[in-house]
Amino acid sequence: MHNSSVNKVAIITGASTGIGQSVSIALSQQGFKIFLLARSKEKLTFVSNLITNEGGEAIVIPVDLSSVTSLNNAVTAIKKHVHHIDLLANIAGIWHGIDDVYAERLFESFDQQIILDTLSVGIIAPTLLAHALIPLMKKGSKIINLSGTFENGAKGWLPYYISKRAIEDLSIGLAQELFDKGIQVNCISPSDTATESYAKYFPQYMNEAISPKKIADMFIKLSNSSDLTTGKVFVMKKDNEPLEKFHA
């Protein structure tokens, strides 16, 4: 059931697949109007249809988050539609290509463009989106970023690992900056997650992976207007409750 009387707006990156798709659908069921951001218009339209068929409201905004020009165009499009934002969810990240996974690849063998794109999507885009959209956020608005829990950052994971560590620091710093405005900022750091991409590249570990729905439930909890948690990073594993991560 959707609460049509609630006029809440959520901006979600990486919304076309995996965690972003699950979070988009879950938040739409909580009465949020969802702005779906990702590269593929076709995949975003599929998610939009899932939402609207259940009585929700979604707007598709194709964007290449590795391009500042494309990101700025997306921001302009968002501002044409709304004058306030209740939630910015930065979920997009790069850890694989179209048909290959970067795990086990030595850092020095990475193509330079992949490193640039991974850092652009993983940390520069979230930083610039927050910078652009905070003026539309009032007291009680939320920023929720997605990190990741790693055994280590080596052997193919280093660019992604760097971007995810950086987004945790962005979350904590923004929480401090926005505290007096009453805007809460947190980060969710899940372990391996049972997404379509994970199933494609690591089918042997699917039974150990956390459900995207469980992560979506945590997004719902932190997006609730009554939850004043801020400046926290929550580690999530399959069979455990979310655990606050200590940051020096």
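Scanning the range 29-67 for residues that are charged (D, E, K, R) and touching a residue at least 24 places away in the same chain (Cβ under 8 Å), which turns out surrounded by the fewest Cβ atoms within 10 Å (Cβ to Cβ)?
Taking the candidates together, the pick is Glu54.
Looking at Leu106, is it open to solvent by 20 Å² or more (accessible area, probe 1.4 Å) and closer than 25 Å to Asn152 by Cα?
yes
Has the range 142-159 got any residue that is over 13 Å from Ser66 (Cβ atoms), at pLDDT 95 or above and not in a strand (DSSP E or B)?
no
Return the residue satisfying two criteria in turn: it lies in the range 123-141 and is open to solvent by less than 20 Å² (accessible area, probe 1.4 Å) and not in a helix (DSSP H, G or I), and of such residues it is nearest to Ile85 (Cα to Cα).
Among those residues, the one meeting the criterion is Met137.
Return the pairs, sorted by first residue and then second, in which the second residue is hydrophobic (A, V, I, L, M, F, W, C) and part of a strand (DSSP E or B), the first residue lies in the range 1-28 and is surrounded by fewer than 22 Cβ atoms within 10 Å (Cβ to Cβ) and at pLDDT 95 or above, the beta carbons are less than 9 Å apart, and the residues are 6+ apart or on different chains.
Between residues of the range 1-28 that are surrounded by fewer than 22 Cβ atoms within 10 Å (Cβ to Cβ) and at pLDDT 95 or above and residues that are hydrophobic (A, V, I, L, M, F, W, C) and part of a strand (DSSP E or B), the close pairs are Lys8/Phe32; Lys8/Leu87; Ile25/Ile34.
Does Asn90 fit the bill of being farther than 24 Å from Lys214 by Cβ, in contact (Cβ under 8 Å) with a residue 12 or more places away in the chain and out of contact with any Gly (no Cβ under 7 Å at 6 or more places or on another chain)?
Criteria not met by Asn90.
Taking the condition of being loosely packed, with under 14 Cβ neighbours inside 10 Å, among the hydrophobic types (A, V, I, L, M, F, W, C) and modelled with pLDDT under 75, how many residues in the range 190-242 meet it?
2
Which of the residues that make up the range 68-100 are of a type outside the set (Gly, Ala, Ser), within 18 Å of Ile19 (Cα to Cα) and open to solvent by 20 Å² or more (accessible area, probe 1.4 Å)? Break it down into steps so the answer makes sense when it comes.
First, the residues of the range 68-100 that are of a type outside the set (Gly, Ala, Ser): 68-69, 71-73, 75-76, 78-88, 90-91, 94-96, 98-100.
With within 18 Å of Ile19 (Cα to Cα) added as a condition, the list becomes 87-88, 90-91, 94-96, 98.
Correct list: Ile94, Trp95, His96, Ile98.
Could you please let me know if Ser147 is among the small types (Gly, Ala, Ser), buried (at least 18 other Cβ atoms within 10 Å of the Cβ) and touching a His at 6+ places or on another chain (Cβ under 9 Å)?
No; evaluated as a whole, the condition is false for this residue.
So, in the range 99-112, of the ones that are at pLDDT below 95 and part of a helix (DSSP H, G or I), which residue ends up nearest to Leu228 (Cα to Cα)?
Filtering the range 99-112 for residues that are at pLDDT below 95 and part of a helix (DSSP H, G or I), the one nearest to Leu228 (Cα to Cα) comes out as Phe107.
When only residues in the range 109-122 that are among the polar types (S, T, N, Q) and open to solvent by less than 30 Å² (accessible area, probe 1.4 Å) count, which is nearest to Ile94 (Cα to Cα)?
Filtering the range 109-122 for residues among the polar types (S, T, N, Q) gives 109, 112-113, 118, 120.
Checking which are open to solvent by less than 30 Å² (accessible area, probe 1.4 Å) leaves us with 118, 120.
Details: Thr118: 5, Ser120: 9 Å.
Here the answer is Thr118.
The values are calculated or read from the model by the stated rules, or taken from the named source; none is laboratory data. From a predicted model like this one, the values you see are computed outputs, not experimental measurements. Cβ: placed from backbone, ideal geometry, glycine included. Neighbour counts: every protein chain shown. Keep in mind that these areas ignore ligands, DNA and RNA; they rest on the heavy atoms of the full protein, side chains included. Shrake-Rupley method; radii C 1.70, N 1.55, O 1.52, S 1.80 Å.
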